[in-house]
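The next block holds one structure in the form of structure tokens; read it before the comments.
The values are calculated or read from the model by the stated rules, or taken from the named source; none is laboratory data. These figures come from a predicted structure and were not determined experimentally. All Cβ positions, glycine included, derive from the backbone under ideal geometry; neighbour counts span all protein chains shown. The protein model used for the area step is the full one, side chains on, heavy atoms only, and it has no ligands, DNA or RNA in it. Shrake-Rupley method; radii C 1.70, N 1.55, O 1.52, S 1.80 Å.
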Amino acid sequence: NKTKLAGNLSVRKEYNSQYKIPLIANAGVEYVILKNKLQLRATAGNKYRTPTFNDLYWIAWGNPDLKPEHGFAGECGLRFSPLKKDSISLDIVLGYYHSIINDMILWTPQGAVWHPNNTAQAILQGVETNIHYQQNFKKLLMNHSIGVNFNNPHISKINESDEGNQSVGHILYYVPKIGLQYHSDFSYRTWTLSIFTNYESKRYYNLTKTLDSYYVINLGLRKSFNIKTSKIIVNALVKNLTNEVYEQIRSYPLPLRSYEISIQYNFK
């Protein structure tokens, strides 16, 4: 760990009576290009995942013939901080990830029943961006963050037994190519107003059919009370403010507008 350079290396060994698991190694590095302004980071390592108990033995759903997943994953990114003051800050993060997973375990629907199978090889790749802005106006504190993801996880190879399968090059089911999240907090004394929005582009649930894109807004209001050494927090939340009709999984519609109230009591 130097002034501008920090790194880490981890090596893990697991034992399983059913599988011969290799050494799992991961390395990471972070380098400060400009102090308090620009940082570079990168991580890389091999991956190995054994099937879970449900993957193998879920009655009528599982597949006892599954093989473990294995492959390589890496990512790199930049953090840029053009503003760093007492009352204002701005951080911009840009990252790229890339994984090659062999014998990837994918759960896919066959009618109303889902089954896991090994896909010869899948490539998971994409770009992630996040912008965080904070400003303090005396007693009013504002926090804003926006994240945008561009995903391209797809099947790159299929097993010989799957000849005739047209899935090579196809994006993985239920993964949006574009995702967007926006979150804002406005805090004044003991009050906090929160706005959270989430957008997902269309998602494939088979080779040719997709679920519609959707945009959901949640609105929250929080009030805290200090009573001697205790603290009470009352939180009210409106989910799906615009009453959006949407699905993340086909045939499993999510709730329309709903309301929640919670009370949290902290004491010493």
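Quick notes
- Rel. contact order, % - alpha carbon contacts under 8 angstrom, at least six apart, the chain: 9
- Working ranking of peptides 98-111, 215-228, 12-25 by packing, defined as the average number of other Cβ atoms within 10 Å per residue, highest first, is 98-111, 215-228, 12-25.
- Only helices enter this figure: runs of n ≥ 4 DSSP H residues, each worth -39500 (n - 2.57), summed and divided by the residues of the chain, yield -500 deg cm²/dmol at 222 nm to the nearest 500.
- Averaging the sequence gap over all C-alpha pairs within less than 8 Å and six or more residues apart, then dividing by the number of residues, gives the range 1-95 a relative contact order of 21 percent.
- Alpha-carbon centroids, the range 1-39 and the range 80-126: separation in whole Å: 18
- The range 136-268: translational diffusion in µm²/s, Stokes-Einstein, Kirkwood Rh over Cα pairs, 4 °C, 1.567 mPa s: 71
- In the context of the full set of protein chains, the chain has a per residue accessible area of 65 Å² (1.4 Å probe).
- Using a probe radius of 1.4 angstrom, the carbon and sulfur fraction of the accessible surface of the chain is 58%.
- Long-range HN-HN contacts of ASN63 with modeled amide H, under 5 Å: LEU56, TYR57, TRP58
- Given LYS13/LYS67; LYS139/LYS231; LYS157/LYS202; LYS20/LYS67; LYS138/LYS268; LYS47/LYS177, the pairs whose alpha carbons are separated by over 22 Å: LYS157/LYS202; LYS138/LYS268; LYS47/LYS177
- Solvent-accessible area of HIS144 with every protein chain in place, 1.4 Å probe, in Å² to the nearest 10: 40
- Ordering HIS70, HIS98, PRO82 by the projection of their Cα atoms onto the charge dipole of the range 58-107, which places +1 on the Cβ of Lys and Arg and -1 on the Cβ of Asp and Glu, puts PRO82 at the extreme positive end.
- Among ASN136, VAL29, PHE150 the positive-end extreme of the charge dipole of the range 1-151 (Cβ point charges): ASN136
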